[in-house]
Structure formats: structure tokens, C-alpha cells
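The next block holds one structure in the form of C-alpha cells; read it before the comments.
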Amino acid sequence: MGPLEGDKTEARTHFKVARFIMEAGVKLGLRSVPLATACTLYHRWTVAGGGGTDPYLVAMTALYLAGKVEEQHLRSRDVLNVCHRYLHPSSPPLDLDARFWELRDSLAQCELLLLRCLCFRVSFQHPHKYLLHYLLSLQPWLNRHAWGRAHVTRAAWALLRDSYHGPLGLQHPPQHLAAAILALALACYGLVPPCTPTPWWQVLSEDLEEADLARIVGELLQLYALDADLT
């Protein structure tokens, strides 16, 4: 059973919260790695059993904390205003009144709670550098005209971003996830790297078995099925 085949209601909630993190993070100008860290912080909180706290408050806190971890600091006021406007699109910006200071205190308290819940382990190794290396390594193996007509690079980065809607980054080594994302991107355009005695994905990540590759690709596709259920 895949990680998304259990409690569908819970999976939908976490998917929507992860989407909130990404969309709010883009509005805040976060780069891709801080965004990935924010999503991973949230997913680690869910895995750690951090119940009893509003998931959107945890998501806001994850954005704020990820900015610190990845050295792209965000002002708490900006985080609160962007997230408040996302959740309440018809509301005006927050005034510096008692309500604002209550929200700011909640953000600070939730940050401490999140750090304790995660045992202060808030740095992660993401697949981004592996995916970049794999793309650069694999491109010379393929016909350059076919590669130019396809949009493998764009598709691979989009798939990587979408993978953070679920907890895949917690369940698989980053190099395995990067190879599976590249495999799915190639499959989308019907590109097949040349056959060698060793499969191309094992040339890139020697401990990755075909069954593991297929399982990760299946879990990625489950995320898109979940997205389709929500729309």
C-alpha cells in the first residue's frame, strides 16, 4: 500500500495544506529549496503525530522557519499578511492591532512547538542537486534534436516541485527520488536512453533497484490522482 492509500481524508487535507505552502511561498518570493524545506517541515510534523494544532498555522510557521533554515529570512508581518490574504481573500490587510499581535504570538509559539516536535532537526538533503546532476549527465546520451523538441528539463523540475505535495521526500533517499522523477519526465515524452549492461538509473544511482524506481513513480502518480479528486 502506498503512502497515499491510507486515510484519504487526511491525505487530501495535507495535500491542500502543502499547496497552500507553495502558493503562499511563491507570493513571499521564496526560492525552490526554501519552499521544499517548508513543505518537508510540515510533512515531518504530520508524520511525528503533531495533532491538536491548526495545520494552516503549522504551514505558516513552516514557511517562516524555512526562511531561517535556508537563510532567506522572511518578516513575520509579511508571512502573516500573505497567509491571511490567501485564507481570507476578501479581507483587507491586517492592521497592527490586537488581532495582529495575537497572530504574531501564535506564530512564535508554534515555531517553538514545531522545533520541539521535530527535535530541532530542521535541515534536509533535497533531491534538487541530484536532479540537476542527472539532467546534465543524461542529456549527452540522447539525441540532441529529440531532447530539444521535448521539455524534459522543465517537466522534471515541475515534477520535483509537485512531489512536495506529499511526504515522498521523507520516505525515499533524495537521489532515488531524483532518478524516479527523471524517469517519469522521460516517459512523458517517450524518450528512452540507450541500453547498456547497466540500466541508466543505476549508472546514476547504483543502489536503486527497478522495483524501487517503479514504486516511487507510482507514488508520484498517486499525488496527481489525488489532485484530480480535489478539482
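The values are calculated or read from the model by the stated rules, or taken from the named source; none is laboratory data. Note that the structure is predicted; figures quoted are calculated from it, not measured. When we count neighbours, we look across all protein chains shown, and the Cβ atoms used for this are built from the backbone with ideal geometry, even at glycine. The protein model used for the area step is the full one, side chains on, heavy atoms only, and it has no ligands, DNA or RNA in it. Shrake-Rupley method; radii C 1.70, N 1.55, O 1.52, S 1.80 Å.
Aromatic (F, W, Y) and assigned to a loop (DSSP other than H, G, I, E, B), is that true of F100? No. Within the range 111-133, is there a residue that is hydroxyl-bearing (S, T, Y) and assigned to a helix (DSSP H, G or I)? Yes, that holds for at least one residue. So which residues in the range 153-182 are among the aromatic types (F, W, Y) and open to solvent by less than 40 Å² (accessible area, probe 1.4 Å), if there are any at all? Within the range 153-182, Y164 is the sole residue that qualifies. Applying the condition of being polar (S, T, N, Q) and over 15 Å from R161 (Cα atoms) to the range 9-45 and asking which residue is least open to solvent (accessible area, probe 1.4 Å) yields T13.
Are any of the residues in the range 74-83 among the charged types (D, E, K, R), part of a helix (DSSP H, G or I) and more than 30 Å from L204 (Cβ to Cβ)? Yes: the range 74-83 contains one or more residues that are among the charged types (D, E, K, R), part of a helix (DSSP H, G or I) and more than 30 Å from L204 (Cβ to Cβ).
Pairing residues of the range 73-102 that are over 17 Å from V58 (Cβ atoms) with residues that are part of a loop (DSSP other than H, G, I, E, B), at Cβ distances under 6 Å and at least 6 apart in sequence or on separate chains, gives N81/P93; N81/L94; F100/L94. Listed here are the helices (runs of 4 or more DSSP H) enclosed by the range 141-231 that have at least 1 residues being more than 20 Å from the chain's Cα centre (by Cα): 144-149, 174-188, 200-204, 210-230.
Only a single criterion out of (1) over 15 Å from S137 (Cα atoms); (2) open to solvent by 50 Å² or more (accessible area, probe 1.4 Å) is not satisfied by D212, namely (2). In the set S91, S106, only one residue is of a type outside the set (A, V, I, L, M), in a helix (DSSP H, G or I) and over 30 Å from A185 (Cβ atoms); that residue is S106. Restricting attention to the range 46-73, the residues being in contact with a Pro (Cβ under 9 Å, 6 or more places away or on another chain) and either open to solvent by 20 Å² or more (accessible area, probe 1.4 Å) or part of a loop (DSSP other than H, G, I, E, B) (or both) number 6. Can you find a residue that is farther than 16 Å from S205 by Cβ and open to solvent by 20 Å² or more (accessible area, probe 1.4 Å) anywhere in the range 125-137? No: zero hits.
When L103, L87, L112, L94 are checked against the criterion of being under 24 Å from G49 (Cβ atoms) and not assigned by the TED database to the domain that holds L223, L112 stands alone in meeting it. Condition check: open to solvent by less than 70 Å² (accessible area, probe 1.4 Å) and modelled with pLDDT of 95 or more. Does L94 satisfy that? It is false that L94 is open to solvent by less than 70 Å² (accessible area, probe 1.4 Å) and modelled with pLDDT of 95 or more.
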